[in-house]
1. Please find, within segment 107-122, the residue that is nearest to Leu74 (Cα to Cα) out of those that are modelled with pLDDT of 90 or more, under 14 Å from the mean Cα position of the chain (by Cα) and surrounded by fewer than 24 Cβ atoms within 10 Å (Cβ to Cβ).
2. Any residue in segment 83-91 that is surrounded by fewer than 18 Cβ atoms within 10 Å (Cβ to Cβ), under 18 Å from Arg53 (Cα atoms) and at pLDDT 90 or above?
3. Scan segment 89-99 and tell me whether some residue there is closer than 19 Å to Leu39 by Cα and either under 9 Å from the mean Cα position of the chain (by Cα) or not polar (S, T, N, Q) (or both).
4. Which pairs turn up if I take residues in segment 4-17 that are touching a residue at least 12 places away in the same chain (Cβ under 8 Å) and look for partners that are surrounded by fewer than 10 Cβ atoms within 10 Å (Cβ to Cβ) with beta carbon separation below 9 Å, at least 6 apart in sequence or on another chain?
5. Please indicate, with yes or no, whether at least one residue in segment 39-48 is basic (Lys, Arg), surrounded by fewer than 16 Cβ atoms within 10 Å (Cβ to Cβ) and either under 18 Å from Ser81 (Cβ atoms) or out of contact with any Gly (no Cβ under 7 Å at 6 or more places or on another chain) (or both).
Amino acid sequence: MAFLHKKETEKATGELKKASQLDPNNMEAAVMLGRLYSLYEQKRGLARELLERALTAEPHRDDVRFDLARVYALTGEEKKSLQEFQRIFADEPRYGLYHTEFAKILIAAGEKKAARSHLQRAIVIAPDFEPAKKLLESLDKEEKGAAPPEEKKGN
């Protein structure tokens with residue numbers, strides 16, 4: 001973990017692999033490896049395996065469910081991603097990030113009204129959360145640009 005904090009990902013990966021080999025039940029090492037691997041397109045399959053294993057062992061962990069949903073979205077498994085996000089939202093999450101990331105997926109799926117609702121919820125949860133604010137602003141601008149021009153009334 002110290003290597004991660006120092007942004008030395010190669011050393012962190014090596015140590016996390018060792019921790020997993022020494023204790024295959026060390027779910028925190030599996031989760032952290034899964035998170036690291038999710039950053040690299042060619043390793044997302046490994047990330048998925050590790051995160052699925054960790055979530056099976058610790059199904060209460062919304063942070064792991066979130067990471068897994070993100071990996072599913074990145075690998076084109078939108079349906080699975082949506083299912084995981086829906087499980088997260090079954091109990092109101094405490095983090096605006098979850099709502100914001102889910103909104104991105106909804107926007108990509110053309111569900112802008114639902115995305116707007118999640119972004120608004122993110123801002124209620126975390127009023128200063130800039131990613132949610134910016135995405136909501138971009139939706140507002142897009143809607144204003146798509147609206148038909150108003151007719152000018154003559155005198």
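1. My answer is Ile107.
2. yes
3. Within segment 89-99 (the criterion being closer than 19 Å to Leu39 by Cα and either under 9 Å from the mean Cα position of the chain (by Cα) or not polar (S, T, N, Q) (or both)), the answer is yes, since at least one residue qualifies.
4. Sorted first by the residue in segment 4-17, then by its partner, the pairs are Ala12/Ala2; Ala12/His5; Glu15/Ala2.
5. Looking through segment 39-48, none of the residues is basic (Lys, Arg), surrounded by fewer than 16 Cβ atoms within 10 Å (Cβ to Cβ) and either under 18 Å from Ser81 (Cβ atoms) or out of contact with any Gly (no Cβ under 7 Å at 6 or more places or on another chain) (or both).
The values are calculated or read from the model by the stated rules, or taken from the named source; none is laboratory data. It should be emphasised that the depicted structure is a prediction, and the values quoted were computed from it without experimental measurement. Methodologically, a virtual Cβ is constructed for each residue, glycine included, from the backbone with ideal geometry; neighbour enumeration extends over all protein chains shown.
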